[in-house]
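This report concerns only the one structure given below.
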Amino acid sequence: MDAVKEPPVADKAAAWKTFVASGEIIPAAVPSLIADSWRKCAQTGVNPADGTGRIILESAALKRLLEKNATVIGIAKPFMQNLYQFFHASGFIIVLTDAAGNVLETFGDSDRLKSARTINFLPGANWQDISVGTNAIGTALATGRPSQVSGHEHFCRRHHCWTCSAAPVTDHDGAIVAVLDISGPAQASNSHTLGMVAAAAGAISMQLAIQQKNLELTMANRRLTSIFNTMSEGVVLIDRRGVVNEVNAVVTKITAKPGGELVGLPIERLFGSVAPFTRRMLADKKPYADIELTVTGKNGASQCLASGEPVADGRGGISGGVIVIRPINRVRSLVNRFSGYYTSLSFDDILGASPALAEAVRVAAIAAAGSSTVLLQGESGTGKDLFAQAIHHRSPRSDGPFIAVNCGAIPRELVGSELFGYEEGAFTGASRGGRPGKFELAAGGTIFLDELGDMPLDQQIALLRVLEEKKTVRIGGARLIPADVRIICATNKNLSREVAQGTFRQDLYYRLNVIAITIPALRERGDDITLLFGYFLAKLGKERGRQFAAEPAVYGALRRYRWPGNVRELHNVAERAVSLAEGDAIALGHLPAEIRGDAVPPAPAGFAAAGPLPLREQTRRQKEQEERRAIAASLGECGGNISLLAKRLGVARSTIYRRLRHLGLDG
């Protein structure tokens, strides 16, 4: 196939004159790309007799433009300098523009640069074809391909002495970010010039893509480093020889050694007990998980779980591995939180305004800030568990678990395994793999030992050892496990009396009796009875979608009762009343008989129980009960009208009011 010959220069000159004069294109003399550009220039009003750059940025705008394009300029400059070496002293200049055709940088012979300045071909000038007529820079921007424009192919006469070869520079997404141009004397036009500028522009584009990839890798590395350093687990990176390459801050904290001392150590010297699993991982490419590990630091030994994962090298081999160290107390704390071993109850949930209760709350709030053992004393139902949860909620350990153990509800032979755990095979029926005790589960938090007075003597010895040594040992095991827990105890027994009777160890009693708090019985709390009853009615009513209100006589009966079951009994009475009520009114008949006064109330039992009532007192109370029932019945017959009742009985209304107050029926 014959090569296509370029039209003679005379033909192009004549074609240009024809188009300027008549707008007619001579196809044989003008390439289609050039013809399209001429038409666009004519339509936008470009002066074919001129060609001087008219759009030039001011110095401040040019400075901002150069700063914005600093990256591409920095990459392009070495390539522009290399190109200039080929064209040195030949009248050519090397030009770089941005994606909008604004000149950013120029290299070249001083004479040619001086000539370029006469047409404002200089930094800050816009060189799109709609600004200065057809040229290689504008054509490359319009087509997205390398372009060459020489002599009379330029739309403007002042450019006819120039030849220009330009190629777009693209980023990693293929978008044009700049144009590289070589311009010189028209008589020196050569197709090889276009090839050179295209190759240089391609090299710049490739370098931009590499820099972008490097930037992405740098950002990814920074993100991974941030994750590595902020993980709550310890992370150890090892090479294929099992030598430590890097550790994060958690590992240095657990081991109490700076990272510089750990890097370079073989895994055997860092975590000896997991070394066999790690060696097997590196040899067989098999990961391992949750291997128990004891790490000794400045705060003593800490229990951890270790997991290892091999790292492939891309050729089917192993380049190293990652070992993740999880402190068991954190793992258990998380498990406990999702297992319900936490509390949200606080001192705000303790209702009452009596002086005795206020004093108990004050002492408990002070105790919460410390770490000393707390002994809660009080009758059953006074709210010892609520006080324990409130103390934990306000303590520095509030983020840790709250484990409650009822020592009186655990069979005698299981108390030890429940509190301290056991190893596999410790006894018949022991779970496979063993089981952690409540002290281990409470690590980092609080263990609440309720009904402590019922703990067997042999387990009291074990508890004393935990208090003294701050360590536990599972049944059937020998490994010491740190007991990082705060102990709160509760009892409804008089422990000093139990010590005297030989049912509670004296040394343990003195160990536990650091901060003793006595929670008052409900009968000692005065108006708290009616306050709590009203609260329970509101709470129960909300659950049932109703709004209950107690009649005045109900509160009088509540205040007279001795409440041997304390707050727990009061809550049960409120629940009974709302369950029996057909409407929203709680009447005297909704209360149990012993509270209404239909029977002599039993003597309170439990902590600090009172003795039997004297016969005279019993007789007096019985008479008052009979009078109370009679007046209540008569008042009911009169529809609660005091005046009508006084008239029926033939007495003054003041007498009726006085007896009602005496009998507690005035509400």
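Where a number appears in this text, it was derived from the coordinates with a stated rule and is not lab data. The model shown is predicted, which means the values in this text are computed figures rather than measured ones. Counting neighbours? That spans all protein chains shown, and the Cβs are built from the backbone with ideal geometry, glycine included.
Compared with the direct C-alpha span, the chain from A283 to F86 gains 65.2 nm at full extension, assuming 0.36 nm per residue.
With a cut-off of 13 Å between beta carbons, the residues surrounding L351 carry a summed charge of -2, where Lys and Arg count +1 and Asp and Glu -1. Using every pair of distinct Cα positions in region 458-535, the Kirkwood expression returns a hydrodynamic radius of 15.5 angstrom. Here the calculated FRET efficiency for T18 and S226, from their Cβ-Cβ distance with R0 = 56 Å, stands at 0.25, rounded to the nearest 0.05. Summed over all non-identical Cα pairs, the Kirkwood treatment of region 340-520 gives a radius of 16.8 Å. Ranked by how many other Cβ atoms sit within 10 Å of their own Cβ, fewest first, the residues S372, S354 fall in the order S372, S354. Per-residue ellipticity at 222 nm computed for the chain from its helices equals -13500 deg cm²/dmol, with DSSP H segments shorter than 4 residues left out and the rest contributing -39,500 (n - 2.57). At what distance in angstrom do the alpha carbon centres of region 258-326 and region 344-410 lie from each other? The two parts, judged by their Cα centres, are 43 Å apart. Note on S496 and H192: the extension gain reaches 98.7 nm, defined as 0.36 nm multiplied by sequence separation minus the Cα-Cα distance. Helix 328-338 and the long axis of the chain differ in direction by around 70°, with both axes built from C-alpha atoms.
Set against the 2.2 N^0.38 Å expectation for a compact globular protein, region 401-505 has a Cα radius of gyration ratio of 1.06.
Counting charges near A585 (Lys, Arg +1; Asp, Glu -1) among other residues having Cβ under 13 Å from its Cβ returns a value of -2. Among beta bridges from DSSP that stay inside the chain, the antiparallel ones total about 75%. Kindly express, to the nearest 10 degrees and within the range 0 to 90, the angle between helix 653-662's C-alpha long axis and the longest C-alpha principal axis of the chain. Orientation of helix 653-662: about 80 degrees from the principal axis. The calculated FRET efficiency for the pair L644 and A549, based on their C-beta separation and a Förster distance of 25 Å, comes to about 0.55. Between R394 and E413, the simple label model (points 7 Å from Cα in the Cβ direction) yields a spacing of 4.4 nm. Placing a label point 7 Å from the Cα of S59 along the Cα-to-Cβ direction, the residues of region 92-108 whose backbone N falls under 19 Å from that point are 103-106. Nearest 0.05, what FRET efficiency do R432 and S319 give at R0 = 45 Å with Cβ-Cβ as r? Using R0 = 45 Å, I get an efficiency of 0.80.
Straight-line cross-link reach from K12 at under 17 Å between alpha-carbon atoms covers these aspartates and glutamates, not counting any fewer than eight positions away in the same chain: E24, D36, E153. Here the residues Y84, Y657, ranked from fewest to most Cβ neighbours within 10 Å of their Cβ, fall in the order Y657, Y84.
Annotation: peptides 269-282, 440-453, 218-231, ranked by per-residue average of other Cβ atoms within 10 Å with the highest first, follow the order 440-453, 269-282, 218-231.
Over all alpha-carbon pairs of region 340-387, lay out the pair-distance distribution in 10 Å bins, whole %, shortest bin first. Result returned by the calculation: 20, 60, 19, 1. What is the helix-to-structure angle for 32-43, meaning the angle in degrees between its Cα long axis and the longest Cα principal axis of the chain, kept from 0 to 90 and rounded to the nearest 10? Result, in degrees: 80.
On full extension, the segment bounded by R241 and E468 gains 77.3 nm, given 0.36 nm per residue less the C-alpha separation. All alpha carbon pair distances within region 9-212 were sorted into 10 Å bins beginning at 0; the resulting P(r) in whole percents reads 9, 38, 36, 14, 2, 0. Placing dummy labels 7 Å off each Cα toward the beta-carbon, the span from T71 to M219 is 0.9 nm. Bridging of K253 to lysines at a Cα separation below 20 Å is possible for K298, once same-chain residues fewer than 8 apart are set aside. Exceedance of the 29 Å cut-off in Cα-Cα distance is limited, within the set K384/K470; K77/K114; K285/K438; K40/K213; K63/K114, to K285/K438; K40/K213.
Over the C-alpha atoms of region 231-335, the Rg to Rh ratio, Rh being the Kirkwood estimate, stands at 0.96. Computed over the alpha-carbon atoms, the chain gives an Rg to Rh ratio of 1.34, Rh here being the Kirkwood radius from the mean inverse distance.
Placing dummy labels 7 Å off each Cα toward the beta-carbon, the span from D173 to D290 is 4.6 nm.
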